[in-house]
Structures are given as structure tokens and as C-alpha cells.
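The values are calculated or read from the model by the stated rules, or taken from the named source; none is laboratory data. Here the structure is a predicted model, which is why all the values come from computation and not from measurement. Here the Cβ positions follow ideal geometry from the backbone for every residue, glycine too, while neighbour counts run over all protein chains shown. Accessible surface areas use protein heavy atoms only, side chains included; no ligands, DNA or RNA. Shrake-Rupley method; radii C 1.70, N 1.55, O 1.52, S 1.80 Å.
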Amino acid sequence: MSFEGVFSIISELKKRIVYIVAVFGASALISFSYMGMVIKRIESDMFWRMNLPDKPDAARNLLDISQNLTSISNMLAANTSFNTGNIAENLTRFSNEILNISRNLAMNRPNIIYLTPMEC
């Protein structure tokens with residue numbers, strides 16, 4: 001293989017790399033204008049659409065579940081015909097954990113953390 005063949009291959013390779021970099025750069029510049037819409041879409045999907053009007057509030061659902069578990073636990077504790085003390089105690093603990101999660105969901109809506117200035 002002669003030097004002319006090698007130089008033509010290198011020349012063609014260089015031309016294709018320049019095209020690839022140009023297309024990548026142009027697509028990156030165009031995509032920056034849509035970045036805000038993309039981040040809003042990610043936030044909406046990532047946080048389970050918790051506050052949309054057609055869906056019930058997740059914190060309220062967890063509060064209802066906690067209240068139902070507490071009432072079941074109280075009924076089991078009142079029933080003395082079987083040894084249900086441990087079950088009632090575990091249900092009460094589980095109900096308290098769900099209540100804590102419900103309070104956290106109602107108070108703190110998660111936020112996306114931006115690590116560089118270009119991300120916001």
C-alpha cells in the first residue's frame with residue numbers, strides 16, 4: 001500500500017469525524033432550547049403525579065390506610081378469645097410507620113437537585 005492510499009484513508013476519516021462532530025454539536029445546541037420542558041416532564045413522571053386533580057392525593061390515601069389498620073388493631077386487641085396481642089401490636093407499629101410516611105409526603109415534596117449551573 002502506497003503513502004497516497006494511506007493519506008486518502010486518513011483524509012476520508014478526518015472528513016467523517018468532522019461531520020459527526022458538526023451533527024452532534026448542532027443537535028446539542030437545538031436540544032438546549034427544549035431542556036426546560038424535558039426537566040418538567042421528568043419531574044412530573046418522577047414524583048408519581050402526586051398532585052394532579054384526577055388522581056387522589058397519596059398522603060391522604062396513606063392516612064386512610066393507617067386509620068384502617070389502627071381500627072383493625074383495636075378490634076384485635078379487644079378480642080380476648082384468641083392470642084392476638086402480637087398481631088395487634090405489629091399492626092399498630094405498621095400503622096404508625098405509614099402515618100409517618102404520610103406526614104412526610106404531605107410536608108415535603110421532593111425536588112430535583114441540580115449539580116451544575118447548566119442543569120437548571
Original post:
What are the pairs, 6+ residues apart or on separate chains, where a residue within the stretch 26-43 that is touching a residue at least 24 places away in the same chain (Cβ under 8 Å) has its Cβ under 8 Å from a residue that is among the aliphatic types (A, V, I, L, M) and part of a loop (DSSP other than H, G, I, E, B)?
Top reply: ILE39/ILE112; ILE42/ILE112; GLU43/ILE112
Subject >> Count of the stretch 77-89 residues which are part of a helix (DSSP H, G or I) and either at pLDDT 80 or above or open to solvent by less than 50 Å² (accessible area, probe 1.4 Å) (or both) >> reply: 2
Original post:
Does ASN74 meet the test of being modelled with pLDDT of 70 or more and polar (S, T, N, Q)?
Top reply: yes
